[in-house]
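Participant: One structure, as structure tokens, below. Some questions next.
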Amino acid sequence: MASKLIKQDKDSKEAKVEQKSSTLKWVLAIVSAVLLLGAGGGGAAWYFRTQGDSTILKPKPPVFVSLETFTVNLQPEHSDQHLQTSLTLKVEDDATTNLIKQRMPEVRNRILLLLSSKTASQIASLEGKKKLASDLAAELNQPFTEGSKGQSVESVLFTSFVIQ
């Protein structure tokens with residue numbers, strides 16, 4: 001009889017352990033499902049939020065204006081030297097392109113005056129070319145008429161640059 005009680009006691013303990021085990025499995029399954037759904041929802045929210053931002057923040061394509069080649073006499077140092085260069089302007093929009101094309105004689109005049117005021121040693125180095133490009137951009141951004149807004153020339157790009 002004692003062995004029968006021990007066996008029943010053992011069976012009831014196993015049943016309790018089995019019941020706890022199945023309850024634990026259900027809790028784990030529910031927690032896993034909630035976490036999975038939360039992660040999926042968070043991922044979807046992030047995806048759709050970044051998709052909306054990228055359409056708003058898409059950068060405008062660059063607008064370039066190519067200018068004819070410039071040939072100028074540089075300020076004399078040791079002997080006569082010449083600069084032959086081709087420029088391309090990076091501008092803000094098509095309206096700026098149209099304004100520059102309408103005012104091309106004034107644009108070319110400003111560029112020629114600035115280029116011819118330099119010496120070969122000032123513009124031969126990389127730093128000199130970068131400074132010349134920023135000086136040209138600053139000069140071209142000056143308004144053509146008093147009281148009007150200046151142009152939006154973002155940068156001046158050299159497409160050829162020869163000093164002789």
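Participant: If you average the C-alpha positions of the range 117-161 and of the range 96-111 separately, how far apart do those two centres end up, in angstrom?
Facilitator: 13 Å
Participant: Take every Cα pair under 8 Å in the range 103-163 that's 6+ residues apart, average their separations, divide by the length, and report that relative contact order as a whole percent. It would help to have the intermediate numbers written out before the result.
Facilitator: Numbers: 36 pairs, mean separation 18.7, N = 61.
Normalised by residue count, the contact order of the range 103-163 is 31 percent.
Participant: Of Phe64, Leu24, Leu87, which is farthest towards the positive pole of the range 18-107's charge dipole, taken about the Cα centre with +1 and -1 on the beta-carbons of Lys, Arg and Asp, Glu respectively?
Facilitator: Value computed over the given set: Leu24.
Participant: Right, next: Can you give the accessible area of Leu36, probe radius 1.4 Å, in Å² rounded to 10?
Facilitator: Its accessible surface works out to 130 Å², give or take rounding.
Participant: Taking the Cα centre of the range 106-149 as origin, sum charge times position over the Cβ atoms of Lys and Arg (+1) and Asp and Glu (-1), and report the length of that vector in debye to the nearest 20.
Facilitator: So the dipole magnitude of the range 106-149 works out to roughly 140 debye.
Participant: Can you pull the one-decimal nm distance between simple spin-label points at Gln84 and Asn98, each 7 Å off the Cα toward Cβ?
Facilitator: Output for this residue pair reads 3.6 nm.
Participant: Using only the alpha carbons of the range 95-144, determine the length spanned along each of the three principal axes and report them from longest to shortest in whole angstroms.
Facilitator: So the three principal-axis extents are 35, 17, 14 Å.
Participant: Could you check the simple spin-label distance between Ser21 and Phe48, using points 7 Å along Cα→Cβ, in nm with one decimal?
Facilitator: 4.3 nm
Participant: Quantify, in whole percent, the carbon and sulfur part of the accessible surface of the range 24-164 (1.4 Å probe; protein heavy atoms only). Walk me through the numbers on the way to the answer.
Facilitator: On the way: 5600 of 9440 Å².
For the range 24-164, the apolar C and S fraction of the accessible surface comes to 59 percent.
The values are calculated or read from the model by the stated rules, or taken from the named source; none is laboratory data. As the structure is a prediction and not an experimental result, all values here were calculated from the model. Because the Cβ atoms are built from the backbone with ideal geometry, glycine has one as well, and the counts that use them run over all protein chains shown. Side chains are part of the model used for accessible areas, which takes the heavy atoms of the whole protein and leaves out ligands, DNA and RNA. Shrake-Rupley method; radii C 1.70, N 1.55, O 1.52, S 1.80 Å.
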